[in-house]
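Q: I'd like to ask some things about the structure below.
Readers should treat all values here as calculations from the given coordinates under stated rules, not as data from a laboratory. Since the model is a prediction, treat every value here as computed from it, not as a measurement. Counting neighbours? That spans all protein chains shown, and the Cβs are built from the backbone with ideal geometry, glycine included.
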Amino acid sequence: MALNWLITGGGGFLGTALIRRLLSEEIAASVRVLDNLSVGGRDDLGEVCRFVEKEPGDLSAGSLPGVTLVVGDIRDPDVCALCCSGMDVVVHFAANTGVPASIDNPRLDMECNVVGTFNMLEAARGAGAARFVFASSGAPAGEVEPPIHEELPPHPVSPYGASKLAGEGYCSAYYKSFGLETVALRFGNVYGPGSIHKGSVVARFIKNALAGKHLEIYGDGTQTRDFIYIDDLIDAVVLSATRPGIGGETFQIATSRETTVLEIAEMVSGAMEDQALGRPEIRMAGPRPGDVKRNFSDTGKAEAMLGWKCRVNLEEGIAETVKFFINMKGSTEIS
Ligand SMILES: NC(=O)c1ccc[n+]([C@@H]2O[C@H](COP(=O)([O-])OP(=O)(O)OC[C@H]3O[C@@H](n4cnc5c(N)ncnc54)[C@H](O)[C@@H]3O)[C@@H](O)[C@H]2O)c1
């Protein structure tokens, strides 16, 4: 049976990729997007679908076929409740994203990621939603010996990690206390086509390289991350929203491959050369507060319980991402 999906943050990188998938595979009966347009915009949504726009108060007639955009904020509980009404699956992507933003403004990070997630869980519970998928990250684990897995005690080092950990805690509690089938996904560093607004490392390197600038590495480049291609991540989200028997679970969604930031810079440079573009210079800058030294995941639990495995290898994924950015005329400035 096709389901009604609410995607918070549906105008962003992951949200638009999910909408593209839901429409191309005809998985959803309807898609509703709740986004305050602080990052993703109507143009981003327009790149992947046709949509109608509704005020939160005009949604009471139930789900509309196709895609409906509601411009609103997850910090407003009434908006969250109106948007959840009639929805079967809630995919909660909207957030204050990333470590640096949380260091700059930890209160905003807390209000969006803790209160906003709480509002969405309450709204999903009130609406009787069948499944709630929460976008977490590697950040709750913090400074621990990798590979990160679901049973490691978390030690977040940034407000972002703390706020995502709080979201995971509420997801677990809403499953145990109220039976809302929550699934928390701890994403690695996501990259790929569509990451036009992102300041994360792969997108930043490519945008800088295309703008003729050097690639700046914070720290000495030996810090490691686990880079996951957007299509693999979307596979995991769709499975998490639909697979039975996984309520209350948390999964590491990454590749189990540890890659240094210097290796990424070199891969981006190599992919630029392959496209007959110049090889950018790589420079080191000071380390950033809140960044952990090593981070990669053990994805065994997701493989066993979700039946999911990443398919795209890093070199291929970087090459596809470079091609995407080359095709995006006039989009080479870091946004
Ligand atoms: N991209 C990654 O590498 C990555 C890694 C780990 C976790 N995540 C998590 O995945 C989720 C999606 O990430 P993304 O890369 O698509 O981010 P994004 O910034 O591209 O998209 C987030 C969307 O949420 C919207 N939004 C932000 N605050 C809002 C609010 N208060 N109310 C309503 N809408 C709001 C923005 O306008 C934007 O369209 C986030 O929760 C993020 O923390 C992303």
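Q: With only alpha-carbon atoms in the gyration tensor, what are the semi-axes of the equivalent ellipsoid for the chain, in Å, largest first?
A: Calculated on Cα positions only, the semi-axes equal 31, 23, 18 Å.
Q: Rank Met87, Met305, Met120 by mean-square fluctuation in a GNM of the chain with C-alpha springs under 10 angstrom and give only the top-ranked residue.
A: Among Met87, Met305, Met120, the largest GNM mean-square fluctuation belongs to Met305.
Q: Based only on other Cβ atoms within 10 Å, what is the fewest-to-most ordering of Ser200, Ser297, Ser177?
A: Starting with the residue having the fewest Cβ neighbours, the order is Ser177, Ser200, Ser297.
Q: Further, regarding this structure: For Arg75 and Asn105, what does the FRET efficiency come to when R0 = 22 Å and r is the distance between their Cβ atoms, rounded to the nearest 0.05?
A: 0.95
Q: How much length is gained on full extension from Met1 to Glu145, taking 0.36 nm per residue of separation minus their Cα-Cα distance?
A: 47.6 nm
Q: May I ask you to derive the FRET efficiency for Arg283 and Ser24 from their Cβ-Cβ distance with R0 = 45 Å, giving the value to the nearest 0.05?
A: The calculated FRET efficiency here is 0.65.
Q: Given springs between every Cα pair under 10 Å in a Gaussian network model of the chain, which of Leu69, Leu22, Leu233 has the largest fluctuation?
A: For the chain, modelled as a Gaussian network with Cα springs under 10 Å, the answer is Leu22.
Q: If you average over every viewing direction, what projected area does the convex hull of the Cα atoms of region 252-329 give, in nm²?
A: 7.1 nm²
Q: When the Kirkwood radius is taken over all Cα pairs of region 134-261, what Stokes-Einstein diffusion coefficient follows at 20 °C and 1.002 mPa s, in µm²/s?
A: On the way: Rh = 16.0 Å.
Calculated translational D: 134 µm²/s.
Q: If you don't mind, another one. Of Lys54/Lys207; Lys164/Lys213; Lys293/Lys323; Lys301/Lys323; Lys164/Lys309; Lys207/Lys301, which pairs sit farther than 28 Å apart, going by alpha carbon to alpha carbon?
A: From the list (Lys54/Lys207; Lys164/Lys213; Lys293/Lys323; Lys301/Lys323; Lys164/Lys309; Lys207/Lys301), the Cα-Cα distance tops 28 Å for Lys54/Lys207; Lys164/Lys213; Lys293/Lys323; Lys301/Lys323; Lys207/Lys301.
Q: OK, next. State the antiparallel share, in %, of DSSP beta bridges confined to the chain, rounding to the nearest 5. Walk me through the intermediate numbers first.
A: Working: 2 of 46 bridges.
The antiparallel fraction comes to roughly 5 percent.
Q: Neighbouring Cβ atoms within 10 Å as the yardstick, rank Arg107, Arg21, Arg288 fewest first. Don't skip to the end; give the middle numbers.
A: On the way: Arg107 10, Arg21 18, Arg288 13.
Lowest count first: Arg107, Arg288, Arg21.
Q: Just subtract the alpha-carbon distance of Thr260 and Lys176 from 0.36 nm times their residue separation and send over the number in nm, one decimal.
A: That pair, Thr260 and Lys176, stretches by 26.4 nm at full extension.
Q: Something else now. Rg to Rh for region 195-242: what is it, with Cα atoms only and Rh by Kirkwood?
A: 1.11
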